[in-house]
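The values are calculated or read from the model by the stated rules, or taken from the named source; none is laboratory data. Keep in mind that what you see is a predicted model, and the values were worked out from it rather than measured. Every residue, glycine among them, receives a Cβ derived from its backbone with ideal geometry; neighbour counts consider all protein chains shown. Areas reflect the complete protein model, heavy atoms only, side chains present, ligands, DNA and RNA absent. Shrake-Rupley method; radii C 1.70, N 1.55, O 1.52, S 1.80 Å.
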Amino acid sequence: MTRIPKSHPRYRSLVTREALVAAHRQGVVVLEGLIAHGRGEAWDYLLGEESSAPALVAERAAAAFLLTAKRPVISVNGNVAALAAKEVASLAAAVRARVEVNLFHRTDARVRKITKSLRDAGATDVLGSRPDARIPGLDSERARCHRQGIYAADVVLVPLEDGDRAEALARMGKVVISVDLNPLSRTSRTATVPIVDELTRALPNIERFVFELRMDSVETARVRRDYDRARNLAAVYAFLRWRLAEIVRATKAPPRRRKKARPRKG
Ligand code: PTJ
């Protein structure tokens, strides 16, 4: 692994990149996952690398849906396991969700490795190795799922999803919560609760809201009722427009003149 100096201005970003490359070498992340990460990072630059106000609203709604779910499931792929296995395990425990490994580039060896990494991170109820059902209307390997897991779930959290499955799950009548930095992706446009935020920020935020809401069923019901996906996505687009305008303004701002040094008296 390349040693990244702590003083590097993009330290965190470079360490994450190295972690994904290492996970690829271990057979957890596919090459396509590295491309997906680069796309995500480009969006995160535009979004300012912070959870925006609309993202926080969607994360609070996600917490309310997960808390009131009867059979919540968190779906995990290679990138999610490499970036956030601990966060997945912790959120699953907080909302009593099952975790299911579901891969686009599915091989039994990858499912085994990802399952192990989730268990090592503390997840206790991990499905994925023996799929016995199919998501209707989906031809890819991601259709294969567990009857007691994703198939029967009423609420499914699908981070870094592909649009086809998000659509198919929504057609099955499930509440689909996505985490995708691309607000224009088909996933973001189809999910019931699209969260436009970075995965390692989004999962702890959701968990924080779970702890905040779990003793307050009235507020939880209100958050569910008042959440408006179209309005929230519109707020994300407006935020993006504002960010771009700020960038343009900062670029156009005239360089600050240096004050002339006053001649010293005496
Ligand atoms: O492990 P597998 O075989 O299931 O494959 C996983 C990938 C990610 C390769 C697969 O699901 C895929 O091809 O996904 P896409 O269609 O490239 O979509 C991934 C989306 O996630 C893109 O819109 C990215 O912008 C977004 N994304 C990437 N990294 C992050 C992210 N969103 C939030 N947080 C991230 N860290």
Seminar exercise, completed: Rounded to a whole %, the carbon-and-sulfur portion of the accessible area of region 1-81 at a 1.4 Å probe is 57
Problem set entry | Selection of trypsin sites (Lys or Arg not before Pro), region 66-103, meeting DSSP coil and at most 16 other Cβ within 10 Å | LYS70, ARG96
Problem set entry | Accessible area of THR190 in the full protein assembly, 1.4 Å probe (Å², nearest 10) | 40
Exercise. What order do ASP180, ASP197, ASP216 take when sorted by accessible area (1.4 Å probe), most exposed first?
Worked result: ASP216, ASP180, ASP197
Exercise. How big is the accessible area of HIS146 in square angstrom, nearest 10, if you roll a 1.4 angstrom probe over the protein chains?
Worked result: 20
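Could you do me a favour and compute the accessible area per residue for region 1-132, 1.4 Å probe, result in Å²? Please list the in-between numbers first.
Working: 6740 Å² over 132 residues.
Averaged over the residues of region 1-132, the accessible area is 51 Å².
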Exercise. Points 7 angstrom from Cα along the Cβ direction at ALA230 and ARG208: gap in nanometres?
Worked result: 3.1
Problem set entry | Taking region 53-237 and dividing mean pair separation by its residue count, relative contact order in percent (alpha carbons under 8 Å, at least six apart) | 27
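Ordering PHE209, PHE239, PHE104 by how much accessible area each has at a 1.4 Å probe, largest first, what is the list?
Details: PHE209 20, PHE239 50, PHE104 100 Å².
Descending accessible area places them as PHE104, PHE239, PHE209.
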Exercise. With every protein chain left in place, what is the accessible area per residue of region 158-266 in square angstrom, probe 1.4 Å?
Worked result: 65
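Rounded, prolate or oblate: which one fits region 43-118, using the alpha carbon gyration tensor with axes a ≥ b ≥ c (rounded when a/c is under 1.5, else prolate when a/b beats b/c, else oblate)? Provide the component values of the computation, followed by the final result.
Details: a/c = 2.42, a/b = 1.29, b/c = 1.87.
Cα axes put region 43-118 in the oblate bin.
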Exercise. How high is the relative contact order of region 1-128, in percent, counting Cα pairs under 8 Å that sit 6 or more residues apart?
Worked result: 24
Exercise. How much accessible area does LYS113 have with a 1.4 Å probe, in Å² rounded to the nearest 10?
Worked result: 90
Exercise. Where both partners of a DSSP beta bridge lie in region 53-237, what percent of those bridges are antiparallel, to the nearest 5?
Worked result: 10
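Exceeding 22 Å between C-alpha atoms, which entries from my cross-link table qualify? They are LYS6/LYS252; LYS6/LYS113; LYS86/LYS116.
Details: LYS6/LYS252 32 Å; LYS6/LYS113 30 Å; LYS86/LYS116 12 Å.
Among LYS6/LYS252; LYS6/LYS113; LYS86/LYS116, the Cα-Cα distance tops 22 Å for LYS6/LYS252; LYS6/LYS113.
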For this session: Would you please classify the overall shape of region 181-231 from the alpha carbon gyration tensor, given that a ≥ b ≥ c denote the square roots of the eigenvalues, rounded means a/c under 1.5, and beyond that prolate means a/b larger than b/c while oblate covers the rest?
Result: oblate
Problem set entry | Base-10 log of normalised Debye intensity for the chain (one unit scatterer per alpha-carbon) at q = 0.14 Å⁻¹ | -0.96
